[in-house]
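The values are calculated or read from the model by the stated rules, or taken from the named source; none is laboratory data. The structure displayed is predicted, hence computed values, not measured ones. No Cβ is skipped: glycine too gets one built from the backbone with ideal geometry, and neighbour counts run over all protein chains shown.
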Amino acid sequence: MKKAIFGVFDTSFSPGFPQTLEKMAVPLERFGDTKQFFVDDSIGLGVKQGRPEGLISVRHITIVAYARLDNKNELLVDLGVGGEKDPAHDVSTEEIIALAYLKWGRKCPGHLLGDFVFAVWDSHNKWLFCARDHMGMKPFYYSCANKSFAFSSTLESLLALDSLPKDINEERIADYFTSVCLDNTTTFYTHILRLPPAHSLIISENQFELEKYWEYQFNGEISYSTDEEYAEAFKELFIRSVESRADSPNMAITMSGGLDSTSVACVAEAISRRSHFGPLKIYSGIFNTHIGCDEREYIQETLKRGLFSWNTVVADELDPLASLFEIAAVQHEPWFAPHMFMKWNLLKHMQLSGVDLLLDGHDGDNVVSHGWAYFKELIDQFKLVTLLKEIVLSRDGLTRAGQIKLLKAFYQRKIRPQIKKAIPTAIISMYKVDKTVPASESAPQALADFLHQSFCKRPEIQERLAAAKQSYGAYRLERETHFNNVFCPIQAFGLEVLERTSAAFSIEYRCPFFDKRLVEFCLSLPARQKFQNGWPRSILRRAMNNIIPPKVQWRRDKTDFTANMLGIADLIYKDTNSDLLSQCRQDLERWIDFDKMITYYRAHPERKNLAIFDSWKILTMHAWLRTRKT
């Protein structure tokens, strides 16, 4: 069930709390008809949802929570309530978290498994304790403006406060234009922050303390005797992850023909059948014009393997701009999702069919890891025979240029240093070729290259752009690459975007791949289990044997939906005198040199793919600015 929590801590105007909470609840109609408030001394807490309970008091604490717990049974035993000890006691998730706080205090989030955000008012200590789950599945926003602390699991509750400044955070604007997200704390609003994943926060009259309660620690590789044992261990964890999330008869899966979503769908279908939920609802985008984007041949193979109800939208009949302002009004920030319009239309169909829970295979790629950096490990370990074998076996998934690049890397890191030792440096320098490209000849690489210099030269923006540049091109082995891909700040931001999108249709969003236990397992795997015999994501493929269709299981390619976005680039290539471009110029000209950008792309039509994504950033930024509350 969708839910929103919110609250205010302020020692100066407690009589105003009911009115403040009412304001914060106004934009939350889609979360249900039930709202509950708690007001006492310097605190006001609120919850909006579709069921009666949600805000509870236990002894000296009061809690609001938006949570789903995976280790509920273990917690009941530890806490001595419910289960066999007290079968008459039906314990809610909120009560479990409250009892966990009473037992473990500030350490309680580390004892919880699942997706959660919560806030506890502790009247003994006179503080508010807040926490967000390990992976950041549930969002938590807060503000400390005007001597008042306000929080919510939604942006719109905070934006409803008249007293909260709505200034734009231009450092995040720089992030957006450079296609990075450099932290887990900021938003596009200067005065609204995010509680990072795996963090808790205590605030009182004289205290503001942020604490990281969990961080993945590598304690050595997981070791099994055979490849089959690795695959079986992965399968057990993955099935448990889907089972703990697939608990509604009205759930649905967004499914392409890819490995991740198909794995979720096939496991969930077996659970749905055992639970007598009826056919599992599947939603997919199909393509009649851009046939290269269409994945029906893979989807239909999956549909043969179980009891599914397949629902589709014809994606290439949709106008990507038709829902632009609708999505902006829900996101309240620009969003890194060029194909969101397709999911938006699928969600509309889901809502009409009564779907209340969406399972998604989002970013299983990075959680499991393709394992391509395994090649770097082979290079560093001087395992030339294995390197050559994997290059040959990967020939269908690795381009010729990629193969040559790996061989060059082997030469540069292992052979060339030996040559330099054997041959005097003076002789080598005689034949050294200067490969420096003059600045005038270097080609723009992204929208960041078209930013106004006056914007780029501001010290805080310079620092941001330099940090973004450092995030690219580092030489990392598989474990570090895998870790960075799982925990980079863009992950939590992306999950927040998807959460807000689903919430717009009163649908709860869950990602089985982002189960903490599964994440820890994958990060502890030897690189060879992730890439093996030419197959990236090898362990997932092997674990899904006899569960998903072989045609999907051993599929090498991944569909590129860029062709369906070609019309977006018309903003640059064709519509240079359009009202839409004029509006974008008006909104963004303080940051972007439109004339430089248009001149460049019109002279380089071969870079249309890059122009598509630059156009999309401009359009989403424009839509946000036009719908932004000031």
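Residue count for the range 534-586, restricted to those that are among the small types (Gly, Ala, Ser) and either in a loop (DSSP other than H, G, I, E, B) or modelled with pLDDT of 95 or more (or both): 4.
Looking across Ile419, Ile427, one residue alone is farther than 30 Å from Arg555 by Cβ, modelled with pLDDT under 55 and either under 34 Å from the mean Cα position of the chain (by Cα) or assigned to a helix (DSSP H, G or I) (or both). It is Ile427.
Filtering the range 198-222 to residues that are among the polar types (S, T, N, Q) and at pLDDT below 95 leaves Ser204, Asn206, Gln207, Gln217, Asn219.
When the range 488-527 is filtered for residues that are surrounded by fewer than 20 Cβ atoms within 10 Å (Cβ to Cβ) and of a type in the set (Lys, Arg), only Arg517 remains. Identify all residues within the range 449-464 that are assigned to a helix (DSSP H, G or I), closer than 17 Å to Arg585 by Cα and not polar (S, T, N, Q); write none if there are none. Selection gives Asp449, Phe450, Phe455. Would you confirm, using the coordinates I've provided, whether Thr186 is assigned by TED's automatic domain parsing to the domain that holds Asp70, surrounded by fewer than 21 Cβ atoms within 10 Å (Cβ to Cβ) and under 16 Å from the mean Cα position of the chain (by Cα)? Here the answer is yes, as Thr186 does meet what is asked. Restricting the range 189-215 to residues that are hydroxyl-bearing (Ser, Thr, Tyr) and surrounded by 20 or more Cβ atoms within 10 Å (Cβ to Cβ) leaves a set whose member that is nearest to Phe514 (Cα to Cα) is Ser200. Have a look at Thr190, Thr185, Thr154 and point out the one that is under 20 Å from Asp115 (Cα atoms), without any contact (Cβ under 8 Å) to a residue 40 or more places away in the chain and among the polar types (S, T, N, Q). Step by step, each of Thr190, Thr185, Thr154 is checked, and only Thr185 is under 20 Å from Asp115 (Cα atoms), without any contact (Cβ under 8 Å) to a residue 40 or more places away in the chain and among the polar types (S, T, N, Q).
Do we find that Leu161 is surrounded by fewer than 24 Cβ atoms within 10 Å (Cβ to Cβ) and in contact with a helix residue (DSSP H, G or I) (Cβ under 7 Å, 6 or more places away or on another chain) in this structure? Judged against the criteria, Leu161 is a match.
Criterion first (in the same structural domain as Tyr298 (by TED's automatic domain parsing) and touching a Pro at 6+ places or on another chain (Cβ under 8 Å)) does Lys530 satisfy it? For Lys530, the condition - in the same structural domain as Tyr298 (by TED's automatic domain parsing) and touching a Pro at 6+ places or on another chain (Cβ under 8 Å) - is met. The single condition from (1) modelled with pLDDT under 95; (2) farther than 20 Å from Arg510 by Cβ; (3) not acidic (Asp, Glu) that Ser256 fails is (2). Checking each residue in the range 294-316 for being assigned to a strand (DSSP E or B) and farther than 13 Å from Met255 by Cα picks out only Val314.
For the range 588-602, the criterion of being more than 24 Å from the chain's Cα centre (by Cα), within 21 Å of Asp316 (Cα to Cα) and either among the charged types (D, E, K, R) or crowded, with 21+ Cβ neighbours inside 10 Å (or both) is met by none of the residues. The residue that is nearest to Lys558 (Cα to Cα), among those in the range 366-408 that are among the basic types (Lys, Arg) and surrounded by fewer than 16 Cβ atoms within 10 Å (Cβ to Cβ), is Arg395. Answer with yes or no whether Ala268 is in the same structural domain as Ala252 (by TED's automatic domain parsing), surrounded by fewer than 23 Cβ atoms within 10 Å (Cβ to Cβ) and under 23 Å from the mean Cα position of the chain (by Cα). The answer is no for Ala268.
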